[in-house]
Amino acid sequence: MASPWLDVLDDTIRACAAHERQDLVDRLRVRRAQLVEPRVRVLVFGEPSQGKSQLVNGLLNAPVCAVGDDLTTTAPVVIRHASEPVATLVTGGDDEARAIEGPGHRPVPIESAAARANADETVVRAEVGLPRELLAKGLTLIDTPPVGAPTARHTRNALAALQQADAALLVSDATKELSSSELDLLTRVCALCPTVVVVLTKIDMVPGWRRVAERNQAHLARGGLPVTVLPVSASLRLAAARAGDTALNEESGFGALVQYLHRDLIGHADLLRRRSVAALTRLTADQLTAPLRERLAAAKETDTDELTARWRAAGRKLEELQRESQRWQTLLSDEVADLVADLDFDLRDRTRRILREVDEYFEVADPAKDWDEFAEWMYENLRAVAETNSNWLLDRFEWIARKIARQVAPRGSGSLRERWLESTQLDDHVGELRRPAIERFGVGQKLFVGMRGSYSGLLMFGLATTLAGMSLINPISIGAGAAFGAKSVFEERGNRLKRRQSAARTAAHRYVDDFFLIYGKESKDTVRMIHRDLRDRCTAVAQELRVEITESAKRIKEVIDTETAQRTARVRELSKSIDELTSLRRRAQSLTAAGTVRGLTA
Amino acid sequence: MSLAEVTWSLLNRALEAYGDSPQATAWLRRHLARFHDPVRLAVVGPARAGKSTVVNALAGELVAEPGVPDTELSWYQVRQSRSRQELLLLDTPPVDRDTESRVVEGICMEADAVLYLMRHPQDADLAFLRAVQDHPVARAAPVTALGVLSRADELGGGRVDAIVSARQIARRHRREPGLSGLCQDVLPVAGLAACAGRTLREDEFELLAALAALPKQELDPLLLSADRFAADEARAALLERFGLFGVRLATTLVRRGARGQAALSAQLLQRSGLGELRDAVELYFTDRADVLKARSALIGLEVVLRMEPRPAAGPLLAELERTVAGAHEFRELRLIAALRTGRVRLPEELSEEAFRLVGGYGGEASARLGFEAAEAAGPALRHEAVGALRRWQEYAGNPLLGAAERRAAAVVIRSCEALATS
C-alpha cells in the first residue's frame, strides 16, 4: 500500500529534480530509503558536555558510547538491534569528499568502537548492533558530536545528522536552565525534525533540578515550543543496573524515557514518518521557493524604461520633423519670392541705365557711321547684365539652400551641400542687334534736292529782275538759285541725320526690350526650376530622416514587445512553479493534520 | 625609572595640562587616588557561573549572596590571608547580550584585573574578553585576565577526582591560541566546595565526620544522588553549602584522615583548586599591583588625552605611547604566564631561572637573583646579575631556538640588564 506521505516525498524529489537540485535529490533519496525501512531513528543531540553519550549508555545499560569529561564524541554512533553484539566503523561515506580512502566498513571490537571512531578523523560514523529489547522494535539511536563546539567539524556533523532523524532528544544538564543558544538550537531543530523532547540529565548532581525542569518548561512555552521535558540521571540508572535495584532505576527517570521511546515513538511510527516527510517537504519547498521568488521579483522589476524612453523620443522627433517641414517650405517660398522680386528689380534697373546711355549716345552719334561700334558696346553691356544677374541668382540660391539645409537637417547631412547649381548655367540670351534701316543721302539725291531749291530761287529772283529789265536768266538769278539750292541740300542733310538717330534709338530700345523679355523669362524659369529642385531635395532628405527615425522607433518597439512577452512568460512560469511548490507544501502540511498523539505535540 | 614612577609623573603632568577642565581634572584625580589602593579584581561571567561563590571563596567569608543576580557592581575589600596583600573584589552582574556593554564599561573603568568565570570552556565568551581589552593600552598588555573554570566539579561529573580531569581540560585550554591571547592562565576551581571549605563551620564538620563514620554500604547509596542525600533536613542544608561533590570530597577526606576542622578546611581548599587560584591571583595580580595600577592609570590617561585633545597634551600623548610600547613590565608578566602555562618551553633549569629572573618569585632584585633578602648586598647582586646576563646572551645566540624561545630569552636578557645596571 502506497502511503500518502510516500507520494508527497516522491513528488518532492521530482520537484527537486525539475529544479536541477541534484544535491537535494540525493539527500532526499537517502532519506526515503531510511523512511521506507521499518525503523525509527532517534537522534541524541545537544551542546558539549551535557551527557549525551552517557544518556545513550544509560538507555542501553552498556558502555557503547565513549564518555569523558572533556569533548569526547566527534563521530556519530548509530546503534540498532542485532542478535549478536557487532560494531563497524564507516569511513569516507556517502558525500564526504574529504575521505582519503574509499567508503569502507571496518569491523571492530564493540567496546572500543566509539573510542576508535572518535580518534580517527576519517571515520564518518560508527555502527553498533546490540541485542536489546529496547531496540528490537526498530528503534535506532544515534549519538552525535556536540553542537556549538569550537571545532566546525562537530557542528556540521550534528546538523547533517538531524535531517535524517525521525525524532530527536535534546540533552541539557540540570545544572543550569536552557540557555538562549540551546533554545535557538531547538527552534532550528524543530524545523528540521518536528518530534523533539528535552532530556534533562545529571539530576543526581543538583538538588534543585525540579526547579530547573519547571523553568525549562516555562522557557519552552515562552518560546512557542511545546516540547516535553524528561528529567533523567544516567549514573543512577547505571548504578541501578549494576546493583539490580529497581527502586533506584525508578529514581533515575529512565522509565519514563523508555516508555516515551516505546509507546510514543515506535507506537506511532507512521505519524512520525508523516511528520518527518512534512517537515522535509516544507523545508525543501522553502529552499526551492526562495530562489524562485527572488527571480520572480527580479523579473517583475526588469527595466524597459530606457527603451521606452527612446521610443517615445523617436515619436516626438517625427512630430517635430512634420512641423519643421511646414516651416521650411514656407520659408523656401518666401525666400524665392523675395529673390524673384529682387532679380526683377535689378534687371530693370540695369537695362534702364543702358537705355539712358544709348539715348545720350545717339544725341550726337550718327548711326550710319558708328553703328558697328555701338552694336559691339551694346552687346557687351547686355551680356554683363545677364551674367551679373544670373550669378547673383545662383549665389542667392546657394545661400537659401544653406539656410534651408540648416532647417531640414540640422545635424549637417551633406546631401544638400552638393554643387547642384552647376547644371543650371544660363544660356546666352543676348541675340543679334539688327541694324536699323538707314537712308543714304546720295549725290543724285543731293543734286535733286539742290535743283529743287535752286529752282525757286532762280525763279523768284529772275522774275524780280525782269521787272528791272533784265532777262529771266541773269547772273543775279543764277546766283540766288545757286544759294537757294545749297541751302536746301544742307537742310535736307540735317533732317536725314535726325531721322537716322531716332531710328537707331528705337532699334536699341526694341532690342533691350527683347532682351528683357527673353532673359526675364529664362531667369524666372531657372528660379522656378531651382526652387522645385531644391524643394524636392529637401523633401527627400526630410523623408529620409523620417524613414530612418520611423524605422528605429519600430525596432525599439519590437524589442520592447519581445522583452515584455518574454518577461510575461517568465513570470508566468515562475509563478506556476511557486504555486506548485506551495501546493506541495500544503499537501505536506495536511499530512500532519491527520491527528496528534499525546507526547508528540510538536 | 619604573613603570609606576613614569605613570605617576605622567598623571601629574596631565593634571597640570588639563587644569582648566573640571571634568578631566576630576577623572585624573580619581586615577591618582586609585594608584595606591589595593588591586581591584572584578569577578565576571555569565549568569550562574558562580561569581558570588568565587567571591566568597576568595574572601573567605560569606560576603556576597549566591544565586541572586546583582544589577550593580558591588565591592568587597578582603585580605586574602595574613601573609597576602589586600585585594578589592568586585562582584559584577551576569554577562549576557543585554547587559554586556554596561558591564564592560564598568569593568574598564573600575577594575585593574579580571577573573573570567566560565562553566564549561566552550562557554568562553571570547568576544567579551576582547571587549574588555579593546583599548590601545589594554591591547598592548593583555596581562589582566585569568580564565576560571568555575564549576570544575561538574566537568568531572561530581566524582571525587573531578578536579583532576578539570585540570587537564584547563591545561588544554590555556594553550589554545584563542584564550591564551586574552587570558594569562586558565584554572579550574570547584567553587562551592572551595567556598564551603574556607567558611567551614564546626557543626558542619561534625555532621560530615558523622557521615564519614557511617559504614560504606550505608553511605554510598546516600551519596548517589542529590535527591537521596537531601532527604534529611540537616543534610539538605549541608548539600546546599557543599554541593554533592563537596560532600563526597569532604567525607572521603575525613575518612582518609583529615582530623579536625582546620585540616579538612585546608585539604578542601587544595582539592577544590582554590589554592591554585589564590596563588595565581597573587602571582599575576597582587604581586604586581604597581604594574596593574600603572596600566589602569595609563588607560585612564589615554581616555583623557583622546577625549579632550589639546596642543599642550601633545608631548604627553607621545610619551604615553612610548611608555606603553616600551613597558618591559608587561612583557615580564606575559612571560611569567607563558612559562607557567607551558606556552613557552625552555629547558628545565633554564625555565626555572627565567621564571625567577623576570620576577616570578617576587619583583625585588634579591628575589629575582635568588638571594635571601637579608644577605643581599649591592656588589654581590650586580655580580650575579652580570653572570646571568652573560649566560642568557649566550643562550639566546643559539641558532636552533624557536621564535617563542628567542622572544622569551630577549625578555630575560632585558630583565638581567635592568638588574645589572640598577
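The values are calculated or read from the model by the stated rules, or taken from the named source; none is laboratory data. Worth saying up front: this structure is predicted, and the values here are computed from it rather than measured. Virtual Cβ from ideal backbone geometry, glycine too; neighbours counted across all protein chains shown. Each accessible area value is taken on the protein alone, full model and side chains, heavy atoms only, with ligands, DNA and RNA left out. Shrake-Rupley method; radii C 1.70, N 1.55, O 1.52, S 1.80 Å.
Using a 1.4 Å probe on the protein chains only, how many percent of the accessible area of region B:344-421 belongs to carbon and sulfur?
Carbon and sulfur: 54 percent of the exposed surface of region B:344-421.
Suppose we keep just the alpha-carbon trace of region B:193-270; what are its Rg and Dmax in angstrom?
Final numbers for Rg and Dmax: 11.2, 30 Å.
Can you give the average number of partner chain beta-carbon atoms within 10 Å of each beta-carbon in peptide A:175-187, as a whole number?
Details: counts 8, 9, 2, 0, 6, 2, 1, 0, 0, 0, 0, 0, 0.
Per residue, the number of nearby Cβ atoms from other chains is 2 on average.
With the other protein chains left in place, how much accessible area per residue, in square angstrom, belongs to region A:300-346 at a 1.4 angstrom probe?
Counting only protein heavy atoms, the per-residue value for region A:300-346 is 68 Å².
When the convex hull of the Cα atoms of region B:344-421 is projected onto a plane and the area is averaged over all directions, what value comes out in nm²?
4.8 nm²
Please identify the trypsin sites (Lys or Arg not before Pro) of region A:105-148 that satisfy two criteria: DSSP loop assignment and at most 16 other Cβ atoms within 10 Å. Which are they?
Details: sites: A:Arg116, A:Arg125, A:Arg132, A:Lys137; in loops: A:Arg132, A:Lys137.
The qualifying sites are A:Lys137.
For chain A, take N as its residue count and report Rg(C-alpha) divided by 2.2 N^0.38 Å.
After normalising by residue count via 2.2 N^0.38 Å, the value is 2.53.
Compute the relative contact order of region B:344-421 as a whole-number percentage, counting only Cα pairs closer than 8 Å that sit 6 or more residues apart in sequence. If you can, show how the numbers build up before the last one.
Working: 64 pairs, mean separation 26.6, N = 78.
Taking the mean separation of contacting Cα pairs over the length of region B:344-421, I get 34 percent.
So what is the relative contact order of region A:4-301, in percent, for Cα pairs below 8 Å that sit 6 or more residues apart? Write out the running numbers ahead of the final one.
Numbers: 532 pairs, mean separation 61.4, N = 298.
The normalised contact order for region A:4-301 reaches 21 percent.
Considering the Cα positions of the protein assembly as shown, please state its Rg to one decimal place and its Dmax as a whole number of Å.
60.7, 226
Of all the stretches in chain A, which is the longest one without any exposed loop site, taking GluC sites (Glu not before Pro) in a DSSP loop (any state but H, G, I, E, B) with at most 16 other Cβ atoms within 10 Å?
In chain A, the maximal stretch lacking such sites is A:122-417.
Does anyone have the angle between helix B:3-17 and the longest principal axis of chain B? Alpha-carbon axes, 0 to 90°, nearest 10?
60 degrees
What does the average come to when, for each residue of peptide A:248-257, you count the partner chain Cβ atoms lying within 10 Å of its Cβ?
1
Run the 1.4 Å probe and let me know the accessible area of A:Ile13, rounded to the nearest 10 Å².
10 Å²
Counting GluC sites (Glu not before Pro) as exposed when in a DSSP loop with at most 14 other beta carbons within 10 Å, what is the longest stretch of chain B free of them?
With GluC sites (Glu not before Pro) excluded where exposed in loops, chain B gives B:73-363 as its longest stretch.
Please sort by residue number the trypsin sites (Lys or Arg not before Pro) in region B:158-203 whose DSSP state is loop and whose Cβ has at most 12 other Cβ atoms within 10 Å.
Loop-located and lightly packed - B:Arg201.
What percent does the relative contact order of chain B come to when contacts are Cα pairs within less than 8 Å and at least six residues apart?
16 percent
From the protein chains alone at 1.4 Å, what is the descending order of accessible area for B:Ser351, B:Ser150, largest first?
B:Ser351, B:Ser150
Within 10 Å of each Cβ of A:199-211, how many other protein chain Cβ atoms are there on average?
Shielding by partners across A:199-211 averages 4.
For chain A, what are the DSSP H helices with axial Cα length of 15 Å or more and mean Kyte-Doolittle hydropathy of at least 0.0?
A:4-18, A:180-192, A:443-467
What is the angle, in °, between the Cα long axis of helix B:314-326 and the longest principal axis of the Cα atoms in chain B? Nearest 10 is fine, range 0 to 90.
It works out to around 60 degrees.
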